[in-house]
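Remarks on the structure that follows.
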Amino acid sequence: MHPKVKICGMKNAETIKTAIDHKVDFLGFVFYPDSPRNLTPKQATILTKDIPSHIGKVAVLVNETDQFIEYIKNDFDYFQLHGNEDVKRIKEIRQKFNKKIIKVIKVTNEDSAKTYGQYGDEVDMFLFDSPAMEKSAKFDWQILPKLKITKPYLVAGSININNVDEILNYNPYGIDISGGVESRPGLKTNEKIIEFLDKVKS
């Protein structure tokens, strides 16, 4: 079975269509003002409205308020929590908005990776990433098989066409790519999306 692929930081309709045509599983949309991939809620509504229902629409949030989440909730299937949200906060978001939750675990070593265990039943999926949000950095993927993760998980952190075979050796549920299919920060290219998805999904 092919691994799932999430492409994060989508910003235009053309690259979204390309990703869909080449069997992407999840599309991520970033709400984080410091990011070159940041969107307004209005932009996101326009970009997500024609995405087929079998593709997961993911809102990437960083310590966001209920007021903002309320504003965007109808456009998304998943909330990816990339900040310091603790179990209590995650439970609040899950109960209030009734969406699936992806919790990001920022990995520096094996102990930091093991913190995923504290989130229990409040999370539907994990995303193991380097701590350098949106910067080119990877963690030691050899940690992953030691974790005995029972829930689906994605792996992110400087994944690209040249090293994707390495991460696939660890059989993650899925992989999350952003900068690896860009020509510069925030600018996805059709060519790189096609090349990457065709390689992973073939």
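FYI, it's all coordinate maths here, none of it is from the lab. Being a predicted model, the structure only gives us computed values, none of them experimental. In this analysis, Cβ positions are derived from the backbone assuming ideal geometry, glycine residues included, and neighbour counts consider all displayed protein chains.
Go through the stretch 1-17 and give me each residue that's part of a helix (DSSP H, G or I) and surrounded by 19 or more Cβ atoms within 10 Å (Cβ to Cβ).
Thr15, Ile16
Could you list, in sequence order, the residues of the stretch 62-75 that are touching a helix residue (DSSP H, G or I) at 6+ places or on another chain (Cβ under 7 Å) and closer than 14 Å to Thr40 by Cα?
Ile69, Tyr71, Ile72, Lys73, Asp75
Residues Phe128, Phe139: which one is in a strand (DSSP E or B) and in contact (Cβ under 8 Å) with a residue 24 or more places away in the chain?
Exactly one residue qualifies, and that residue is Phe128.
What pairs come up if the first residue lies in the stretch 1-24 and is at positive phi, the second is among the basic types (Lys, Arg), and their beta carbons are under 7 Å apart, counting only those six or more places apart or on different chains?
Between residues of the stretch 1-24 that are at positive phi and residues that are among the basic types (Lys, Arg), the close pairs are Gly9/Arg37; Lys23/Lys201.
Show the residue pairs that are 6+ apart or on different chains and have beta-carbon atoms under 8 Å apart, the first residue being within the stretch 31-56 and closer than 16 Å to Asn74 by Cβ and touching a residue at least 24 places away in the same chain (Cβ under 8 Å), the second being outside any loop (DSSP other than H, G, I, E, B) and of a type in the set (Ser, Thr, Tyr).
The qualifying pairs are Pro41/Tyr71; Gly56/Tyr78.
Here is a list of conditions, (1) under 26 Å from Val164 (Cα atoms); (2) in contact with a helix residue (DSSP H, G or I) (Cβ under 8 Å, 6 or more places away or on another chain), and Lys4 meets all of them except one; can you say which number that is?
Going through the list (1) under 26 Å from Val164 (Cα atoms); (2) in contact with a helix residue (DSSP H, G or I) (Cβ under 8 Å, 6 or more places away or on another chain), Lys4 breaks only (2).
May I ask you to verify whether Ile102 is farther than 18 Å from Leu154 by Cβ, hydrophobic (A, V, I, L, M, F, W, C) and not in a loop (DSSP other than H, G, I, E, B)?
Taking the combined requirement at face value, the residue does not satisfy it.
Could you list, in sequence order, all residues of the stretch 174-196 that are buried (at least 16 other Cβ atoms within 10 Å of the Cβ) and either more than 14 Å from Ile7 (Cα to Cα) or touching a Lys or Arg at 6+ places or on another chain (Cβ under 6 Å) (or both)?
Listed by number, the residues that qualify are Gly174, Asp176, Val181, Glu182, Gly186.
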